[in-house]
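Working notes, beginning with the structure itself.
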Amino acid sequence: SNVIMNNSIYKINFKHSIVFLIFTIVFSFLIDFLNYNVSTLFCLFLILSIGISHGSLDNIKGKKLLEIYSFSNILVFYLLYLTTGLIIIGLWFLFPTFSLIIFLVIACYHFGKEDTNFLINYDLKFNFVLYFLKGSLIVFAPLVFHFEETINLFKILLIENENFYSTIGYLEEKKIFYLSAFISVIVSFFYTLNKFKIVNALIFFDILSVIILNYLLTPLLAFTIYFCFLHSLRHSISLSLEIDAENLNNGFKMFIKKAVPLTLMTVIIYVLGIYLLSTFYTFDESIIKAIFIGLASLTFPHILLEYLIEKNE
């Protein structure tokens, strides 16, 4: 069963990377050519409908984790998961600069690992560092191609620390972000070529897509397209195959049914959050805050849950 699932993941993700690269080229050049300004509301819709759904089976994983620790009440999981998310939101408003930096560091590792580890059937002591460096392209690419717009996003996210911006400006002046993005690409090539098989080429397709997105699109839209149609969709595919390794269509239908409850709950919380924020900020600023601070509050408990399950298995 595991062999069937692994072979299916390889084939499907390979095709997915090619399709995503073609979509990226067509969509990005079209938006750039038309000089079309995609609304923040559109980005929010994609993230709430496609992006966050890849973590919407966490309640099932949570039940599995509770069984490992000999707990039977699922409310314990919901309480801990929600409390962790609320703590992250609280910390962000109290210590925005620190929270942003920690979020970006964890996001780099998460993106690098989740987008690659299904290919890695060997253990390296420095895999943790390599995953981080590979995933860091998602953070450094917008700083390389759209520095001012990225900084404006940081400012909207409550980052008012002048020392932070002076440091960022110094790093930009010294072209550190270019070097960091280059290192990330080199690490991606390492994973592509190490113990090479044809399916590894999808790593090259992925980094090419990320570079094109960030070169032609705004940081928010580039991140949205990557997060929804590459990162989240890939994770959703693997979850669908876990449900039914022999029939992806059936597995995907069952995944959607299982994903609806937590997805709807999250959407409701997002809408309420935007409504509250809109009394203090503009509508677009409220959406951007909700997107990134909300994703941070979901990412921490999601990664913690994945870690605890992997550790116990």
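The values are calculated or read from the model by the stated rules, or taken from the named source; none is laboratory data. Predicted model, so just to flag it, every value in this text is computed and none were measured. Reconstructed Cβ throughout: ideal geometry from the backbone, glycine too, with neighbour counts over all protein chains shown. Remember, those area values only see protein heavy atoms, side chains included, never the ligands or the DNA or RNA. Shrake-Rupley method; radii C 1.70, N 1.55, O 1.52, S 1.80 Å.
Can you list residue pairs whose Cβ atoms sit under 8 Å apart, with the first residue in the stretch 291-313 being open to solvent by 30 Å² or more (accessible area, probe 1.4 Å) and the second being of a type in the set (S, T, Y) and modelled with pLDDT of 90 or more? Count only pairs 6 or more apart in sequence or on different chains.
Partner pairs satisfying both residue conditions: L298/T266; F300/T84; L304/T84.
Since Y226 meets every condition but one in (1) touching a residue at least 12 places away in the same chain (Cβ under 8 Å); (2) open to solvent by 20 Å² or more (accessible area, probe 1.4 Å); (3) farther than 16 Å from F103 by Cα; (4) assigned to a helix (DSSP H, G or I), which condition does it not meet?
Failed condition: (2).
Do any residues in the stretch 260-286 that are farther than 17 Å from F42 by Cβ and touching a residue at least 24 places away in the same chain (Cβ under 8 Å) have Cβ atoms under 6 Å from those of residues that are open to solvent by less than 80 Å² (accessible area, probe 1.4 Å) and of a type in the set (G, A, S), where the two are at least six apart or on different chains, and which pairs are they?
From residues that are farther than 17 Å from F42 by Cβ and touching a residue at least 24 places away in the same chain (Cβ under 8 Å), the pairs are L262/S56; T263/S53; T263/S56.
Within the bounds of the stretch 264-276, is there any residue that is farther than 23 Å from F147 by Cα, open to solvent by 10 Å² or more (accessible area, probe 1.4 Å) and modelled with pLDDT under 90?
Taking the stretch 264-276 first, the residues farther than 23 Å from F147 by Cα are 264-276.
Filter once more, keeping what is open to solvent by 10 Å² or more (accessible area, probe 1.4 Å): 264-276.
Next, only the ones that are modelled with pLDDT under 90 stay: 265.
There is at least one residue in the stretch 264-276 that is farther than 23 Å from F147 by Cα, open to solvent by 10 Å² or more (accessible area, probe 1.4 Å) and modelled with pLDDT under 90.
For the stretch 240-261, give me the residue count where each residue is of a type in the set (A, V, I, L, M), open to solvent by 10 Å² or more (accessible area, probe 1.4 Å) and closer than 23 Å to I9 by Cβ. Can you show your working first?
Pass one, the stretch 240-261, residues of a type in the set (A, V, I, L, M): 241, 243, 245, 248, 254, 256, 259-260.
Checking which are open to solvent by 10 Å² or more (accessible area, probe 1.4 Å) leaves us with 243, 245, 248, 254, 256, 260.
In the following step, the residues that additionally are closer than 23 Å to I9 by Cβ were identified as 243, 245, 248, 254, 256.
Here the count works out to 5.
Having 3 or more residues that are free of Cβ contacts under 8 Å to residues at least 12 places away in the same chain is the bar; report the helices (runs of 4 or more DSSP H) wholly within the stretch 1-80 that clear it. Don't jump to the end; show me each part of the working.
Values: elements: 2-34, 40-46, 58-68.
Correct list: 2-34.
Would you mind finding the one in I60, I74, I68, I47 that is over 27 Å from K289 (Cβ atoms), among the β-branched types (V, I, T) and within 21 Å of the chain's Cα centre (by Cα)?
On the way: I74 fails: within 21 Å of the chain's Cα centre (by Cα); I68 fails: within 21 Å of the chain's Cα centre (by Cα); I47 fails: over 27 Å from K289 (Cβ atoms).
It is I60.
With respect to S232, is the statement that it is among the polar types (S, T, N, Q), touching a Gly at 6+ places or on another chain (Cβ under 6 Å) and free of Cβ contacts under 8 Å to residues at least 24 places away in the same chain true? Please lay out each step first, then the result.
On the way: among the polar types (S, T, N, Q): yes; touching a Gly at 6+ places or on another chain (Cβ under 6 Å): yes; free of Cβ contacts under 8 Å to residues at least 24 places away in the same chain: no.
No, not satisfied.
Mind listing just one residue for me: the one in the stretch 82-99 that is open to solvent by less than 50 Å² (accessible area, probe 1.4 Å) and in contact (Cβ under 8 Å) with a residue 60 or more places away in the chain and, of those, farthest from T263 (Cα to Cα)? If you could, list the steps in order and put the result at the bottom.
Taking the stretch 82-99 first, the residues open to solvent by less than 50 Å² (accessible area, probe 1.4 Å) are 84-85, 88, 90, 92, 96-97, 99.
Pick out the ones that are also in contact (Cβ under 8 Å) with a residue 60 or more places away in the chain and you get 84-85, 88, 92, 96-97, 99.
Working: T84: 17, G85: 15, I88: 19, W92: 23, P96: 26, T97: 29, S99: 24 Å.
Here the answer is T97.
Looking at (1) in contact with a Leu (Cβ under 6 Å, 6 or more places away or on another chain); (2) open to solvent by less than 60 Å² (accessible area, probe 1.4 Å), which is the only condition G51 fails?
It fails just one condition, (1).
How many of the residues in the stretch 121-138 are surrounded by 16 or more Cβ atoms within 10 Å (Cβ to Cβ) and in contact (Cβ under 8 Å) with a residue 40 or more places away in the chain?
Narrowing the stretch 121-138 to residues surrounded by 16 or more Cβ atoms within 10 Å (Cβ to Cβ): 127, 130-138.
Within this subset, residues satisfying the condition of being in contact (Cβ under 8 Å) with a residue 40 or more places away in the chain are 130, 133-138.
Of the residues in the stretch 121-138, 7 are surrounded by 16 or more Cβ atoms within 10 Å (Cβ to Cβ) and in contact (Cβ under 8 Å) with a residue 40 or more places away in the chain.
How many of the residues in the stretch 132-161 are over 20 Å from S297 (Cα atoms) and at pLDDT 95 or above?
16
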